[in-house]
Amino acid sequence: RSEPTLAERLKAAGYATGMVGKWHIGFKEGLRPHERGFDYHYGFLSGARTYMPGKAENDPLIRNGQPVTNEKEYLTDAFAREAVAFVDRSKDQPFLLYVAFNAVHSPLEATDQYISRFPNLSGTRKIHAGMVAAMDDAVGRVLGKVRALGQEENTLIFFYSDNGGPTPQTTASNEPLRGYKGQFYEGGIRVPFLVQWKGTLPAGVVYREMVMGFDCHATALAAAGVPLPTDKLLDGVNLLPFLTGKQSGRPHEQLFWRAGQKHAARVGDWKLVQERGGEPQLFNLKAD
């Protein structure tokens with residue numbers, strides 16, 4: 001509780017703050033989204049739940065701490081609706097919106113509206129594709145609202161996944177990267193990460209140095225003109241000068257990961273991987 005969230009910092013700076021989707025970092029009083037800096041929250045608190053309306057009485061959707069029992073839409077569509085509504089309500093003030101789609105997490109569920117787009121696929125692969133399509137449409141609805149309000153040049157947008165695809169469950173391929181969700185090979189932890197700020201960041205550029213999700217926090221504070229904290233260092237760094245070419249070098253010289261008995265380290269082009277029960281493996285990612 002001693003670590004301020006990005007929402008708490010931006011709320012203190014006069015921002016409207018909204019969160020839609022999966023939380024999964026606190027159920028107890030004082031640890032829920034509406035108690036951690038978000039003016040508005042619509043979503044669920046657990047790690048996974050059904051996408052279909054009326055099927056999860058034991059894991060209700062939550063609006064600002066109160067159970068929601070009348071949701072009628074496929075969950076990804078509902079999250080798009082709530083996100084668009086928040087942007088619309090907040091159009092006359094600066095806002096932070098965090099949209100944590102649970103798609104394409106299990107359970108594998110999609111409506112005929114999305115599954116029917118993939119007549120040449122079958123089984124779990126077809127359902128997974130439908131879930132991706134639903135999320136793609138949902139992201140488009142949110143970005144479309146920002147565009148309709150004429151705020152694209154005034155809005156910094158991050159889009160990234162929390163891990164690589166879980167190949168055994170969904171046949172998701174992380175090629176050409178090795179491995180999948182839950183592993184520290186590149187296929188497990190190296191993910192697409194897109195950043196857009198029209199008029200400020202160059203378009204269509206691929207940035208190849210190491211960055212991480214924590215960098216969103218520091219970058220957003222810098223974009224908002226909020227001074228970075230001086231009492232304790234943030235793990236993330238402001239990426240704006242790197243992405244605009246004003247600063248050379250690497251945002252991070254080294255990154256580290258750990259989960260139980262497995263861990264990994266990235267130092268420059270070198271990567272050390274210790275998967276559970278295996279021997280340590282050292283790779284040069286530029287060469288291999």
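The values are calculated or read from the model by the stated rules, or taken from the named source; none is laboratory data. Predicted model, so just to flag it, every value in this text is computed and none were measured. So basically every Cβ, Gly included, is an ideal-geometry build from the backbone, and we count neighbours across all protein chains shown. Note: accessible area is taken over every heavy atom of the protein model, side chains too, but ligands, DNA and RNA are not part of it. Shrake-Rupley method; radii C 1.70, N 1.55, O 1.52, S 1.80 Å.
The residues of the stretch 133-258 expose, per residue, 60 Å² of accessible area to a 1.4 Å probe. Sorting the Cα pairs of the chain by distance into bins of 10 Å, from 0 upward, gives 6, 24, 33, 28, 9, 0 percent per bin. Using a Gaussian network model of the chain in which every pair of alpha carbons under 10 angstrom is joined by a spring, one finds that among L240, L221, L177 the greatest mean-square fluctuation is at L177. Averaging the sequence gap over all C-alpha pairs within less than 8 Å and six or more residues apart, then dividing by the number of residues, gives the chain a relative contact order of 11 percent. For the stretch 220-263, the residues whose amide N sits under 16 Å from a probe point set 7 Å from the Cα of A12 along the beta carbon direction are 220-222, 224-235. Spin-label pair K232-E209: with each label point 7 Å from Cα along the Cα-Cβ axis, the two points sit 2.6 nm from one another. Springs between Cα atoms under 10 Å define the GNM used for the chain, and in it the highest mean-square fluctuation of P67, P202, P227 occurs at P227.
Provide the FRET efficiency to the nearest 0.05 for the A287-Q113 pair, computing r from the beta carbons and using R0 = 30 Å.
Details: r = 46 Å, r/R0 = 1.53.
Using R0 = 30 Å, I get an efficiency of 0.05.
Summary value for the stretch 43-101: 27 percent relative contact order, contacts being C-alpha pairs under 8 angstrom separated by 6+ residues.
Can you flag which of K55/K126; K55/K262; K11/K91; K126/K262 are past 27 Å Cα-Cα?
Details: K55/K126 22 Å; K55/K262 36 Å; K11/K91 15 Å; K126/K262 33 Å.
Over 27 Å apart, Cα to Cα: K55/K262; K126/K262.
Straight-line cross-link reach from K286 at under 19 Å between alpha-carbon atoms covers these lysines, not counting any fewer than eight positions away in the same chain: K271.
FRET efficiency for the E175 to A223 pair, using the beta carbon distance and R₀ = 41 Å, is estimated at 0.75. Among 203-210, 71-78, the peptide with the highest mean count of other Cβ atoms within 10 Å heads the list, and the full ranking is 71-78, 203-210. The peptide list 117-125, 152-160, put in order of mean Cβ contacts within 10 Å with the highest first, becomes 152-160, 117-125. Result for the chain in a Gaussian network model with C-alpha springs under 10 Å: among Q183, Q169, Q113, the largest mean-square fluctuation is at Q113. With θ taken as phi - 60° and the Karplus curve 6.51 cos²θ - 1.76 cosθ + 1.60 applied, the whole-hertz 3J(HN,Hα) list for the stretch 61-74 is 5, 10, 10, 6, x, 10, x, 10, 10, 10, 5, 10, 9, 3 Hz, x standing for glycine and proline. The simple spin-label model puts a point 7 Å past each Cα toward its Cβ; for T50 and Q196 those points are separated by 3.4 nm.
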